[in-house]
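Some notes on the structure that comes next.
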Amino acid sequence: MKIDRRSFLSFLIGGAAGTTLSPLTWKLMDDSAIWTQMWPWTPVPEDGEASYVNSACSLCSGGCGITVRKIDDRAVKIEGMKEHPVNNGGLCLLGLSGLQLLYGPTRVRTPLKRVGKRGQGRWEKISWKDAVSEVSETLGELREKGQSHTAGIISGSDRGTVPRLFDRFLTVYGSPNLMRTSSIIDSYELTLHLMQGVQALPGFDFENADFILSFGSGIIDGWGSPVRMFRANSTWCNTGGKVIQIEPRLSNTAAKSDKWIPINPGTEASLALGIAHVIIKESLYDAGFINYYSEGFEDWKRFVLDEYGPDSVATVTGIDSTTIIALARSFARASKPLAICGRGQGTTPGSLNECTAVHALNALVGNINKKGGIFAVAEPDYINWPEIEMDDSAAAGMQKGRLDGAGSKKYPFSRHLLNRLPQAVNSGEKYPLKALFVAGANPLYTMSDSKAVKKAFDKVPFVVSFSSYMDETAQNADLILPNHAYLERYEDIPTPAGMPKPVIGLSRPVVEPQFNTKHTGDVIILLAKAMGGNIADAFAWNSYDECLKETLGYKWRVMVEKGFWSYPDIFVQTHEKSFDTVSGKFEFAPKETGSLKQFKPVNIEGDKTNYPLLLIPYDSIRLANGVVGDPPFVMKSVDDTVLKGTDVFIELNPKTAGEHGLREGQLAMLSTPVGKARVKVHLFDGIMPGLVALPRGLGHTAFDDYLAGKGINFNELIGPVEDSVSGLDAAWGIRVKLAKA
Amino acid sequence: MSALDNNAKEIAKDAGDEGVTTSSPEINQKEQDNRSAGPVILFFIFGLFASLILGWIIFPKLLYSKKKQPIDFNHVLHVAEVEDGCESCHFFREDGTYSGVPKLEQCIDCHEEIQGDSPDEIKFVEEYVSKGREVPWLIYSRQPDCVFFSHAAHVKVAGMDCVTCHGHIGESESLKIYEENRITGYSRDIWGKSIGGFKKNTWDRMKMDDCAECHQEKTANIERTDVKTPTNRLIDHLIDVVYPGTSKSGKGSSIQTERDACFVCHK
Amino acid sequence: MKHKKAKKYGMVIDLDKCTGCGSCMVACMAENNVPFRKDESDKLLSITWMRIYKLTNGKPFPNIDICYLPRPCMHCEGQHEGHSPCVTVCPAIATDYSIETGIVSQIYTRCFGCRYCMASCPYHARYFNWWDPVWPDGMEKYLSPNVSPRMRGVVEKCSFCFHRYQMAKEKAFMEGRRELKEDEYQTACTQACPAGAITFGDLNNPNHAVHRMVKPDLKHHGRPTNPNAFRLLERLGTNPKVYYLSSREWVRRAGDNYLEKEVKLKKTVHHG
């Protein structure tokens, strides 16, 4: 039979008819429609049993309680823990995005040893055994040569078991060089030490205060324990508490305050003394407290009355005298006034003068260790380990004196002066630093004058990072011994910054360790055992978990159950027992700080002719600038007037911009005596003319592509300025010039 | 002569032929019919049958890949052992969610050690129980990610039984082959065993229409619980637009569809 | 009456308490599997179901003032109940209005991405997925199974965490209840807000905090009767279910933003 055209067509028509009557086309159409709705490359999250684990957040020193929602063995959401004394259900955006750090690409997945040049990013994976023995050998060699003091540790904190294990290790090994990253807490500690004679942390009873005089503290920009501060701020909304914010820029705190008083930057101490002047002159102070519990008031009074009259203070601060007088009156007449300091998030200690001046205001109104006032909170003494047996070489090492000069003749009261380390290493005047451990800190990013810090690091032949994430410091280390992420480990979280009563949080493993990481506590114990002798003897525990459990004792069970240990209510001390100074009273003019005449503003870097403007940093809760940087979610929340593409914006008053011929969005070159940066201009009426503000927390070179390479690190543009009494970094800004780019 | 010329000639010839046929159309037509009616119909039938065979028999075989469950499971045996029927293993959690296929944790109570001598049992204990690995069961009734289905609402509130949707799987002695749609990746039990979409039992298919069917039937007297497919809704909607008030729309919680709001079942 | 039992879930945001910290934004992203990209500084493309706007009073230094305004989806009721601007224009019925809860849904698999709804939404509350979502290797582990990840080519928006409503319902069913308590259904942003600035609940229920805070006039599309309360672009008649509280007059005026010389339109007849 011949197949002609017609038969063929007929076959096709038959085929078409058959196909129409068969499910083929209809089913294919349906299936492809379904396929387009459910593209296989869109992930489908696995369902399972939901459970909740209580733990503590340690991404900042805020100490919030968290409840992590899990689906089977995956953590899917972090929420604030209800009924927690710090945050009661709320949580900040960094804490909320913690899972992006846990599961994120920035985790260091296994111990790494540098292969290429420092910072080149070439690593080889090594086993934990090799890693630990490499460290112990290096330390052993140093010790044999009698150079144990040349080993040092930069730690994010000196409280809690892990920092204390480091401290113990370093002591029994023979080095005094454990350096804590600095903050306003350093200044407060020193102030409490000098004026009240106590070794304690400041605790602010914000919830009961009704008039907050804030000298630039970013109450709702991340100062203190951020979530607690947000809650306190809302409490004042309900109770009618007043907040007066004194700072040169309209920060969120200033915008939310009852009154924003712009001030010439760096003149806060003068204003505090000016307010004191008015209070004394008008006899508005708490005479009972002053007469019975204070010392040196007459000298101080004379000094304040002589030199800080409202008119002269008005000239210095740029605030008119009537405002100063009114402010002083309302502060003194408030029923529970409270003055606080620490600019922005309080990452820089600031000058001691300023802190003591502000603290003196609290003393004037008699709210020391009183409801609604400021408390000296002694660290709860829960870490009681057996005494260390020191051998001769350890004792010899400990005699050498700290490299950063803390506790030296020059700075006898300071405990940690990390800001002085780069200069000490670079000048090499004292002794070299031969091995450096970094844990819970990212000094290559967070320390000012990045270039000098980098140079100092380059001089240290052996740098070990304990970071869970590939941060700037880990990138420039020789060895990375990655810690478990905070959601994978047990750890005690000491009392959060500024809490008036001690609360210890318990960080708990929410998920199994995701990678080949090890608890830093365990690494210290392993290291000690590898070193042998006295060092091993000082670490009798088999594991960190055992150590922690033993340390916490009866508290452990409660902490596992509740997630935290809260000490009984505020220890309201009688003023008789509050002060441990020589006089047993509150010291208005501590003799140790020298004569009152030294009370002068901090001179910042740069001369006025070459650098006509002032550069100040600003902090935002949406820009993490501590140990970790912004995870992707938090980056998403950053406004497009802060960052656009990879360009960061400076804030400039339209008047200043006009003088420089700069418009909104225009590129400009910012130069300070320390560094240069290309920035974009954002016109903002909320900043004083003559100032330039740049956000902290950007300009990372490490972490992931969502964060790295965006904007400028403020620390590249500023260097530390030593406070003459404390030696702490007192820089609040730097002189700068601005030109069209 | 070039090929082009050849072509031109052919075309001319065709045109000529055409001219002839049109001159006496009737006779020519008849002749042609006589000459090829048989084969033409035959070929039509060939085509028809070939495509029907392709569509009804070959296509389904090509469309679905056949997968064996990692190990076999005897429901009958287990139902006899437990007290609460299906809910002994497929239970509700306290938060109202449904556990679905049991986890190893539940099996381990009895299967710590090998029970009996079936090869699947040995494999189960050796491969999964002792290694602590979950069995990667292929789930016949797994709905797409866009579907939210509340077992609690259907079982605890409406009092439905398992069989209505899942059929008599509880009475099976072994697990059937899992057929996966190569395009969508979903189980054949969702779209239905019959490739033509014919359905004898309520559990034969688990598509949106099937939910709708049951909701309309079983809950006709209850307000605001109707479900309709978006397509039907769209038609209703269009009717509403053109001839307002004439569509047979019921009373639903959704203003737009006048049925239940879409996200009651979709996420 | 059919509507009597119906809920009208709504939100009250106290702008005096809001600090602009961004917790609500991130809580929402974490709760709802919101994708992110390497550069999120183009805010027209950046998907943020909850977004915080920064308002200023426009005055020069030092009289300038700032206010932050978190903006979820307003779940507009429209002039006739359920005739929200976005819902009425959707050609695919991929978004609808539920009388039972007053929530405007978005069904991703139903949406074909025409973006009419985006054009009609006066609050920019809707976002289009211009790209497929990509989670860096391993990060997809934190995705919640309660919310489907979206695909390229569809629109998404705030759902008032409707899955939390579903979950709360399931739990209630287990306990033999049909009704939810006020605290059983709360959105992720409400829960996370450290300042306690967000309150969520049933506007129809006089016992719920949201009702007490704004005292909505239910006869007039829930217009607030608390003098400090306002809704965004009130005069458009979209009748949102998100209310704001502010003691500052300029903020309230900014909320109902209009041009100085604009003539106030005569109110059309109500269809209550």
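The values are calculated or read from the model by the stated rules, or taken from the named source; none is laboratory data. This is a predicted model, so every value here is computed, not measured. Note that we place each Cβ from the backbone using ideal geometry, even for glycine, and neighbour counts take in every protein chain shown.
Among the listed residues B:Val79, B:Val40, which satisfies the condition of being assigned to a helix (DSSP H, G or I) and without any contact (Cβ under 8 Å) to a residue 60 or more places away in the chain? Among B:Val79, B:Val40, only B:Val40 is assigned to a helix (DSSP H, G or I) and without any contact (Cβ under 8 Å) to a residue 60 or more places away in the chain. Please work out if C:Gly58 is in contact with a helix residue (DSSP H, G or I) (Cβ under 8 Å, 6 or more places away or on another chain) and under 21 Å from A:Asn252 (Cα atoms). So C:Gly58 does not fit the description; no. The requirement of being basic (Lys, Arg) and assigned to a helix (DSSP H, G or I) is fulfilled nowhere in segment A:180-197; no residue meets it.
Examine segment A:149-160 for a residue that is among the charged types (D, E, K, R), under 30 Å from A:Glu354 (Cα atoms) and either in the same structural domain as A:Met390 (by TED's automatic domain parsing) or touching a residue at least 12 places away in the same chain (Cβ under 8 Å) (or both), and state whether such a residue exists. Yes, because at least one residue in segment A:149-160 is among the charged types (D, E, K, R), under 30 Å from A:Glu354 (Cα atoms) and either in the same structural domain as A:Met390 (by TED's automatic domain parsing) or touching a residue at least 12 places away in the same chain (Cβ under 8 Å) (or both). Selection of first residues in segment C:165-179 that are within 8 Å of chain B (Cβ to nearest Cβ) and within 19 Å of B:Phe91 (Cβ to Cβ) and of second residues that are not aliphatic (A, V, I, L, M) and not in a helix (DSSP H, G or I), restricted to Cβ pairs under 6 Å at least 6 apart or on distinct chains, gives the following pairs, ordered by first then second residue: C:Glu170/B:Gly96; C:Glu170/B:Ser150; C:Lys171/B:Asp95; C:Lys171/B:Gly96; C:Phe173/B:Gly96; C:Met174/B:Gly96.
Considering only segment A:284-291, I want to know if a residue exists there that is farther than 25 Å from A:Gly690 by Cα, crowded, with 24+ Cβ neighbours inside 10 Å and among the β-branched types (Val, Ile, Thr). Within segment A:284-291, none of the residues are farther than 25 Å from A:Gly690 by Cα, crowded, with 24+ Cβ neighbours inside 10 Å and among the β-branched types (Val, Ile, Thr).
Which of the residues spanning segment A:474-513 are among the acidic types (Asp, Glu) and surrounded by fewer than 24 Cβ atoms within 10 Å (Cβ to Cβ)?
Hits for segment A:474-513 are A:Asp478, A:Glu488, A:Glu512.
From the list A:Phe466, A:Phe462, the one residue that fits, being closer than 30 Å to A:Leu717 by Cα and within 21 Å of the chain's Cα centre (by Cα), is A:Phe466.
Residues in segment C:116-147 that are assigned to a loop (DSSP other than H, G, I, E, B), surrounded by fewer than 16 Cβ atoms within 10 Å (Cβ to Cβ) and either away from chain A (no Cβ under 12 Å) or in contact with a strand residue (DSSP E or B) (Cβ under 9 Å, 6 or more places away or on another chain) (or both): C:Pro122, C:His124, C:Trp130, C:Gly138.
Counting the residues of segment A:11-46 that are more than 25 Å from C:Gly153 (Cβ to Cβ) and crowded, with 17+ Cβ neighbours inside 10 Å gives 8. Restricting attention to segment A:8-30 and to residues that are out of contact with any Ser or Thr (no Cβ under 7 Å at 6 or more places or on another chain) and among the polar types (S, T, N, Q), the residue that is nearest to B:Leu52 (Cα to Cα) turns out to be A:Thr20. Take the residues of segment B:152-174 that are in a helix (DSSP H, G or I) and away from chain C (no Cβ under 13 Å): which is surrounded by the most Cβ atoms within 10 Å (Cβ to Cβ)? Checked segment B:152-174; the qualifying residue surrounded by the most Cβ atoms within 10 Å (Cβ to Cβ) is B:Cys165.
Okay, residues lined up against (1) under 18 Å from A:Pro111 (Cα atoms); (2) in contact with a Gly (Cβ under 8 Å, 6 or more places away or on another chain); (3) at pLDDT 95 or above:
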position: A:Ala439; (1), (2), (3): yes, yes, yes
position: A:Lys455; (1), (2), (3): no, no, yes
position: A:Ser468; (1), (2), (3): yes, no, yes
position: A:Asp471; (1), (2), (3): yes, yes, yes
position: A:Asn476; (1), (2), (3): yes, yes, yes
position: A:Ala497; (1), (2), (3): no, yes, no
position: A:Pro502; (1), (2), (3): no, no, no
position: A:Glu512; (1), (2), (3): yes, no, yes
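The residues listed here are A:Leu139, A:Leu96; of these, the one that is modelled with pLDDT of 95 or more and either in contact with a Cys (Cβ under 9 Å, 6 or more places away or on another chain) or under 23 Å from A:Thr446 (Cα atoms) (or both) is A:Leu96. A:Ile319 meets the stated requirement of being outside any helix (DSSP H, G or I), surrounded by 21 or more Cβ atoms within 10 Å (Cβ to Cβ) and not charged (D, E, K, R).
Within segment A:396-409, the set of residues being touching a Gly at 6+ places or on another chain (Cβ under 7 Å) and more than 16 Å from A:Pro349 (Cβ to Cβ) comprises A:Ala396, A:Gly397, A:Met398, A:Leu403, A:Ser408. Residue count for segment A:219-231 satisfying the condition of being facing another protein chain (nearest Cβ under 10 Å) and buried (at least 24 other Cβ atoms within 10 Å of the Cβ): 9. Hey, can you tell me all the residues within segment A:326-335 that are surrounded by fewer than 18 Cβ atoms within 10 Å (Cβ to Cβ) and either in contact (Cβ under 8 Å) with a residue 24 or more places away in the chain or within 19 Å of the chain's Cα centre (by Cα) (or both)? Passing the criteria: A:Arg329, A:Ser330, A:Arg333, A:Ser335. From the list C:Ile99, C:Ile103, C:Ile107, the one residue that fits, being touching a strand residue (DSSP E or B) at 6+ places or on another chain (Cβ under 9 Å), at pLDDT below 90 and either aromatic (Phe, Trp, Tyr) or crowded, with 20+ Cβ neighbours inside 10 Å (or both), is C:Ile99. Here is the figure for segment C:52-85: residues that are in contact (Cβ under 8 Å) with a residue 60 or more places away in the chain and closer than 26 Å to A:Asp640 by Cβ total 11. Selection over segment A:232-248 of residues that are surrounded by 21 or more Cβ atoms within 10 Å (Cβ to Cβ) and of a type in the set (D, E, K, R) gives a count of 1. Taking helices (runs of 4 or more DSSP H) as the structural unit, those lying wholly within segment A:514-569 and holding at least 1 residues that are under 28 Å from the mean Cα position of the chain (by Cα) correspond to A:520-531, A:544-552, A:555-562.
If you take the residues of segment A:23-77 that are assigned to a helix (DSSP H, G or I) and facing chain C (nearest Cβ under 10 Å), which of them is farthest from the chain's Cα centre (by Cα)? Only one residue tops the list, namely A:Ala33. The residues of segment B:82-110 that are crowded, with 16+ Cβ neighbours inside 10 Å, free of Cβ contacts under 8 Å to residues at least 60 places away in the same chain and either in contact with a Gly (Cβ under 6 Å, 6 or more places away or on another chain) or in a helix (DSSP H, G or I) (or both) amount to a single one, B:Cys107. Per the listing A:Ala276, A:Ala232, A:Ala254, the residue uniquely outside any strand (DSSP E or B), over 23 Å from the mean Cα position of the chain (by Cα) and either in contact (Cβ under 8 Å) with a residue 60 or more places away in the chain or more than 30 Å from A:Leu305 (Cβ to Cβ) (or both) is A:Ala276. Taking the stated definitions as given, is C:Pro206 of a type outside the set (Lys, Arg) and within 14 Å of chain B (Cβ to nearest Cβ)? Spelling it out, it is not the case that C:Pro206 is of a type outside the set (Lys, Arg) and within 14 Å of chain B (Cβ to nearest Cβ). The condition of being in a loop (DSSP other than H, G, I, E, B), in contact (Cβ under 8 Å) with a residue 24 or more places away in the chain and in contact with a helix residue (DSSP H, G or I) (Cβ under 6 Å, 6 or more places away or on another chain) holds for only one of A:Gly346, A:Gly342, that being A:Gly346.
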